[in-house]
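Colleague: Provided herewith is a single structure, encoded as structure tokens, for subsequent inquiry.
The values are calculated or read from the model by the stated rules, or taken from the named source; none is laboratory data. As the structure is a prediction and not an experimental result, all values here were calculated from the model. Reconstructed Cβ throughout: ideal geometry from the backbone, glycine too, with neighbour counts over all protein chains shown.
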Amino acid sequence: MLRTRRPLRAQDRSWRLLVLAALAVVTGAQTSVRAQDGNDVRRRPSGVETLKTKAEDAPLPRRVVIRFLTDSDFPPFNFYDEDGTLIGFNIDLARAICLELSTACDIKARPWEDLFKGLQAGEADGVIAAHKVTAAGLHDVAFTDRYFYTPGRFAGRIGTGDLEITPAALDGKRIGVGKGTSHEAFLKAFFRDSPLIAFETADLAREALAADKVDYIFDDGISLAFWLNGTLSRQCCEMKGGPYLEPKYFGEGLAIAVAKNDPEIRLLINDALKKIRASGRFEELVQRYFPVRIY
């Protein structure tokens with residue numbers, strides 16, 4: 001069974017209320033990845049990755065229903081709202097997939113540790129719960145094309161100008177980061193000339209930025225988006241520069257898990273994901289569930 005650290009996890013009622021409030025805010029989130037000049041860090045291009053095969057060119061049988069499993073405690077991807085309704089980015093994406101394939105949609109919540117077990121037992125056609133694609137996961141399941149990435153992002157105080165975020169431009173700038181994280185490792189590899197201040201937690205790094213004790217912080221873009229839009233930031237700060245998607249540090253992206261013995265469902269879902277992106281529906285979902293542009 002795969003156990004992998006996901007980009008964020010809600011722990012209490014206050015965080016859940018923050019996410020629910022954020023759903024009403026649409027601020028023009030974009031799904032494309034902007035390249036940055038002057039930086040040697042490779043970035044994954046935007047869009048759905050596909051590997052064309054002869055099988056993909058052949059018509060696929062229609063499914064009457066597609067059954068998805070997810071968990072219920074990972075806002076804004078999948079969680080229960082105040083009325084006990086299962087909602088979230090993953091839930092709406094699953095429904096969009098079913099709509100694109102003209103099938104009924106059955107979505108059930110299970111504990112995180114039981115999701116792959118249910119898939120392997122034939123209880124579902126896919127698991128859509130923000131799983132990162134890892135070698136360990138590929139041992140147990142197959143994955144669709146990536147539908148989401150968890151970028152690293154810089155944030156700085158509002159009013160400090162639009163300084164280009166490159167290693168040269170941040171030479172000598174104090175950068176806060178969570179200790180022992182992939183984000184710290186990334187900074188040590190590519191921003192060697194900036195004084196790094198490692199905090200015990202990412203929350204402490206954010207507090208330091210709000211108090212002007214560091215010039216920038218570098219963290220998970222999804223968590224940062226909700227912090228910037230919430231009350232704890234005191235509206236002090238904003239994203240700076242573009243996203244960093246280097247797989248070595250930030251993973252291979254999120255994908256839907258499917259059974260290894262059902263390659264047909266993988267092709268069907270991949271085709272639906274491609275059409276959802278092309279239609280603009282995917283961007284609409286990103287704008288709905290993420291209050292600050294993360295890409």
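Colleague: Considering only residues that are under 23 Å from the mean Cα position of the chain (by Cα), polar (S, T, N, Q) and surrounded by fewer than 19 Cβ atoms within 10 Å (Cβ to Cβ), look in the stretch 32-71 and name the one that is modelled with the highest pLDDT.
Modeller: Thr50
Colleague: If you don't mind, another one. Give me the pairs, please: first residue somewhere in the stretch 265-282 and at pLDDT below 95, second residue anywhere and buried (at least 21 other Cβ atoms within 10 Å of the Cβ) and of a type in the set (Ser, Thr, Tyr), beta-carbon distance under 8 Å, and either six or more positions apart or on two chains.
Modeller: none
Colleague: Quick one: how many residues across the stretch 174-209 are charged (D, E, K, R) and within 22 Å of the chain's Cα centre (by Cα)?
Modeller: Initial filter on the stretch 174-209 (charged (D, E, K, R)): 174, 179, 184, 188, 192-193, 200, 203, 206-207.
Narrowing the set further to residues that are within 22 Å of the chain's Cα centre (by Cα) leaves 179, 184, 203, 206.
Adding up the residues that qualify gives 4.
Colleague: Those residues that are of a type in the set (Val, Ile, Thr), buried (at least 20 other Cβ atoms within 10 Å of the Cβ) and under 20 Å from Arg277 (Cβ atoms), I need them from the stretch 97-132; list them, please.
Modeller: First pass over the stretch 97-132, keeping only residues of a type in the set (Val, Ile, Thr): 97, 103, 107, 127-128.
Applying the additional criterion that residues be buried (at least 20 other Cβ atoms within 10 Å of the Cβ) yields 97, 127-128.
Residues satisfying the conditions are Ile97, Ile128.
Colleague: Further, regarding this structure: Among the numbered criteria (1) farther than 25 Å from Thr160 by Cβ; (2) in a helix (DSSP H, G or I); (3) in contact with a helix residue (DSSP H, G or I) (Cβ under 8 Å, 6 or more places away or on another chain), which one does Glu284 miss?
Modeller: (3)
Colleague: Hey, another quick one. Mind checking whether some residue in the stretch 288-295 is in contact with a strand residue (DSSP E or B) (Cβ under 7 Å, 6 or more places away or on another chain), in the same structural domain as Asn90 (by TED's automatic domain parsing) and under 17 Å from Arg146 (Cα atoms)?
Modeller: no
Colleague: May I ask you to say which residue of Leu204, Leu196, Leu232 is surrounded by fewer than 18 Cβ atoms within 10 Å (Cβ to Cβ), modelled with pLDDT under 95, among the hydrophobic types (A, V, I, L, M, F, W, C) and outside the structural domain of Phe77 (by TED's automatic domain parsing)? If you could, list the steps in order and put the result at the bottom.
Modeller: Working: Leu204 fails: modelled with pLDDT under 95; Leu196 fails: modelled with pLDDT under 95.
Testing whether each residue is surrounded by fewer than 18 Cβ atoms within 10 Å (Cβ to Cβ), modelled with pLDDT under 95, among the hydrophobic types (A, V, I, L, M, F, W, C) and outside the structural domain of Phe77 (by TED's automatic domain parsing) leaves just Leu232.
Colleague: Let me ask something else about it. Just checking, does the stretch 212-229 include any residue being aromatic (Phe, Trp, Tyr) and in a helix (DSSP H, G or I)? Spell out the reasoning first.
Modeller: So in the stretch 212-229, the residues aromatic (Phe, Trp, Tyr) come out as 216, 218, 226-227.
Then keep just the ones that are in a helix (DSSP H, G or I); that gives 226-227.
Yes, because at least one residue in the stretch 212-229 is aromatic (Phe, Trp, Tyr) and in a helix (DSSP H, G or I).
Colleague: Could you go through the stretch 245-265 and let me know if any residue there is closer than 27 Å to Ala185 by Cβ, crowded, with 22+ Cβ neighbours inside 10 Å and out of contact with any His (no Cβ under 7 Å at 6 or more places or on another chain).
Modeller: Looking through the stretch 245-265, at least one residue is closer than 27 Å to Ala185 by Cβ, crowded, with 22+ Cβ neighbours inside 10 Å and out of contact with any His (no Cβ under 7 Å at 6 or more places or on another chain).
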